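Written out below as structure tokens is the structure these notes cover.
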Amino acid sequence: MSDQRTLSGNGESHWWWPGHLFGLSLFDQSDGLQFRGQLDWDHGDLWFGSTGVTAVFGLGSDRLPRPGWHRSAPRVNLWGQVWGSTGASGPFGFGDNWSKCWLHANQKISVADGPMINQAHWWDTLLSFESAFESGERALPGTFSLPEIAFEVVPGRPLVVELELRFDIQLQGSSAFRFGDSGGWTGAVFQTPQWSCVPQTCRVGR
């Protein structure tokens, strides 16, 4: 796995892509993080890998929201498309041909250098091709909210917020995956605004 890291203000981001199967790359540009490239597989064994980004925000004691219960459901942007395809099966191929991709979004809040307070996870199947000579594309969600969590702010207890976006990819047989559409490679763009939360009017039951 290859990865890279950047620092910005009170936050830190790191991103990764498969280092043992070349074809994908990520770049931090002025309009956001760019997912680019294509993976090609031509083997009977199943290959699995992921690419994604984790943004980490630290809230020291002097930057905490007012004490009490709060709700966090940050809005992010993910623009672009993904495309997948499979090739021949039977006597002229490897048998099973897969091209699959899942999008995962995670949010976690922890005490700084301490235990986790709460977390939430959301996922969606973007591509799922299991037969020979299948192909198709799927638009990414655009502007959406990461999974919501509720947490309590305690005076003097600093917090760490982690936001993760991840593409899980499976390829088997003669298959391919790329950021783009049937017409070619086009990078997907991920934008993470500064994290924020809102007061919770009533405590969420556990």
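Evaluating TRP98 against the criteria (1) touching a strand residue (DSSP E or B) at 6+ places or on another chain (Cβ under 7 Å); (2) more than 20 Å from TRP15 (Cβ to Cβ); (3) modelled with pLDDT of 95 or more leaves one unmet condition, (3). Do you know which residues across region 8-27 are touching a Pro at 6+ places or on another chain (Cβ under 9 Å) and assigned to a loop (DSSP other than H, G, I, E, B)? None - no residue of region 8-27 is touching a Pro at 6+ places or on another chain (Cβ under 9 Å) and assigned to a loop (DSSP other than H, G, I, E, B), so the list stays empty.
Of all residues in region 157-190, those that are modelled with pLDDT under 90 and within 25 Å of PRO115 (Cα to Cα) total 0.
Residues in region 27-61 that are open to solvent by less than 10 Å² (accessible area, probe 1.4 Å) and among the aromatic types (Phe, Trp, Tyr): PHE35 alone.
Applying the criterion of being assigned to a strand (DSSP E or B) and more than 18 Å from the chain's Cα centre (by Cα) to the residues of region 107-136, the residue that is surrounded by the fewest Cβ atoms within 10 Å (Cβ to Cβ) is MET116. For region 191-202, does any single residue satisfy the condition of being in a strand (DSSP E or B), surrounded by fewer than 18 Cβ atoms within 10 Å (Cβ to Cβ) and either among the polar types (S, T, N, Q) or at pLDDT 95 or above (or both)? Looking through region 191-202, at least one residue is in a strand (DSSP E or B), surrounded by fewer than 18 Cβ atoms within 10 Å (Cβ to Cβ) and either among the polar types (S, T, N, Q) or at pLDDT 95 or above (or both). Selection of region 137-156 for residues being under 21 Å from the mean Cα position of the chain (by Cα) and at positive phi yields only GLY142. For region 167-187, the set of residues classified as open to solvent by less than 10 Å² (accessible area, probe 1.4 Å) and of a type in the set (A, V, I, L, M, F, W, C) consists of PHE167, ILE169, LEU171, ALA176, PHE177, PHE179, listed by residue number. Taking the criterion of being touching a residue at least 24 places away in the same chain (Cβ under 8 Å) and open to solvent by 70 Å² or more (accessible area, probe 1.4 Å), the residues of region 62-92 that qualify are ARG63, ARG66, PRO67, ARG71, ARG75, TRP79. In this structure, is PRO199 over 15 Å from GLY80 (Cβ atoms) and more than 24 Å from the chain's Cα centre (by Cα)? Yes. Checking each residue in region 137-166 for being outside any loop (DSSP other than H, G, I, E, B), open to solvent by less than 40 Å² (accessible area, probe 1.4 Å) and not aliphatic (A, V, I, L, M) picks out GLY142, PHE144, PHE151.
The values are calculated or read from the model by the stated rules, or taken from the named source; none is laboratory data. A quick note: this is a predicted structure, and the numbers were derived from the prediction, not measured. Ideal geometry is used to build each Cβ from the backbone, glycine not excepted, and the neighbour counts take in all protein chains shown. In case anyone asks, the SASA skips ligands and DNA or RNA and just uses the protein heavy atoms, side chains included. Shrake-Rupley method; radii C 1.70, N 1.55, O 1.52, S 1.80 Å.
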